[in-house]
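K.L.:
Attaching a single structure in structure tokens format; questions to follow.
The values are calculated or read from the model by the stated rules, or taken from the named source; none is laboratory data. These numbers come from a predicted model, not from an experiment. Neighbour counts run over all protein chains shown; Cβ positions are idealised from the backbone, glycine included.
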Amino acid sequence: MTTFRRILRRKSALLSLIFITLITVAAIIAPLISPFNPNEQFKDGLTLQGAPIAPGGSYLFGTDLLGRDLLSRLIYGARTSLTVGIIANGVAVIVGTAVGIIAGYLKGRVGALMMRFTDLMMAFPALLLAITLAAIFSPSLLIVALVIAMVNWVQIARVVYSQAVSISEREFVTATRGLGATNSRVLTKHILPHLLPTVLVYATLGIATTVLLEATLSFLGIGVRPPTPSWGNIIFENQTYFITAPWLVFIPGTLIILLALSFNLLGDALRDELDPTQRGLSS
């Protein structure tokens, strides 16, 4: 049985994959399935008292404080949150893998210096560092993604480093170097392929972290700026209506939790199947 089939036999992984697929497809085809323009303010989108419309009727998930359709903003917000998550996590994985594998292979002063810098970055609280960087740079979708990547690469660098050190000491690597192979060839052809399962697992788990961090930054008002919708800034914009219109907070909040949980469960399933040391320890 293939690894993919074994993963799908886990109910939690299967449900997670279905949910991630649904959110991703909705984000891709947002213009086709969104009932309204996410930024359009409707005259009938507010009550006579100026309060948001409750879910039901023409507005399935209700409206926000400006009379905009919440469902449409959630669909487009999924596109924003996933885009930031994929870009940020992609950059973090590339940087972290490169730092970890080079430091683990070279060792010595160069490797030690690279890992001390990594340790220094890990010493800073990720959220505080992200807030500081986001405040320095003018927030935009790309800047937010790069800021998140700058604080998330250190974890995967540490994991890749420890495995690269172990692999670089194996006999086949020593033999390859003895035959005159260049460092770049040893790294790309002999060490990196052995690290790909680990990188894949942490790439999946990392998306959950980036989605949560993007939502946190947007909620604090230093992430993706309105009117561009993201699940985080939807909560930020409507937090004053938490008591009178709780759906404006609970619906996007629930989506954030479910998406992060789905990536975590899928990442755990990948780790259990791709890491031989984990097989048989969990069902």
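K.L.:
I need the full set of residues from region 238-264 which are touching a strand residue (DSSP E or B) at 6+ places or on another chain (Cβ under 7 Å) and not in a helix (DSSP H, G or I), in order please. Give the derivation first.
P.N.:
Restricting attention to region 238-264, the residues satisfying the condition of being touching a strand residue (DSSP E or B) at 6+ places or on another chain (Cβ under 7 Å) are 241, 245, 248.
Selection gives Ala245 alone.
K.L.:
Any idea which of Gly77, Gly67 is in a loop (DSSP other than H, G, I, E, B) and crowded, with 18+ Cβ neighbours inside 10 Å? Walk me through it before giving the result.
P.N.:
Details: Gly77 fails: in a loop (DSSP other than H, G, I, E, B).
Checking each option against the conditions leaves just Gly67.
K.L.:
What do you reckon, is Ile191 of a type outside the set (Phe, Trp, Tyr) and either over 20 Å from Phe263 (Cα atoms) or not in a helix (DSSP H, G or I) (or both)?
P.N.:
On the way: of a type outside the set (Phe, Trp, Tyr): yes; either over 20 Å from Phe263 (Cα atoms) or not in a helix (DSSP H, G or I) (or both): yes.
When the stated conditions are applied, Ile191 passes them.
K.L.:
On the basis of being of a type outside the set (S, T, N, Q), touching a Leu at 6+ places or on another chain (Cβ under 7 Å) and modelled with pLDDT under 85, does Val224 make the cut? Full working, then the answer.
P.N.:
Details: of a type outside the set (S, T, N, Q): yes; touching a Leu at 6+ places or on another chain (Cβ under 7 Å): yes; modelled with pLDDT under 85: yes.
Yes, satisfied.
K.L.:
Restricting region 206-236 to residues that are touching a Lys or Arg at 6+ places or on another chain (Cβ under 8 Å) and either in a helix (DSSP H, G or I) or at positive phi (or both), which is surrounded by the fewest Cβ atoms within 10 Å (Cβ to Cβ)? Steps first, please.
P.N.:
Pass one, region 206-236, residues touching a Lys or Arg at 6+ places or on another chain (Cβ under 8 Å): 229, 233-234.
Keeping just the survivors that are either in a helix (DSSP H, G or I) or at positive phi (or both) gives 233-234.
Working: Asn233: 27, Ile234: 31.
Filtering region 206-236 for residues that are touching a Lys or Arg at 6+ places or on another chain (Cβ under 8 Å) and either in a helix (DSSP H, G or I) or at positive phi (or both), the one surrounded by the fewest Cβ atoms within 10 Å (Cβ to Cβ) comes out as Asn233.
K.L.:
So Pro139 passes all but one of these: (1) in contact with a helix residue (DSSP H, G or I) (Cβ under 7 Å, 6 or more places away or on another chain); (2) over 18 Å from Gly206 (Cβ atoms); (3) at pLDDT below 90. Which condition number does it fail?
P.N.:
(1)
K.L.:
Further question on the same structure: Considering each of Val173, Val160, Val165 in turn, give the residue that is farther than 25 Å from Val211 by Cβ, out of contact with any Phe, Trp or Tyr (no Cβ under 6 Å at 6 or more places or on another chain), assigned to a helix (DSSP H, G or I) and in contact (Cβ under 8 Å) with a residue 60 or more places away in the chain.
P.N.:
On the way: Val173 fails: in contact (Cβ under 8 Å) with a residue 60 or more places away in the chain; Val160 fails: farther than 25 Å from Val211 by Cβ.
Within the list Val173, Val160, Val165, the selection yields Val165.
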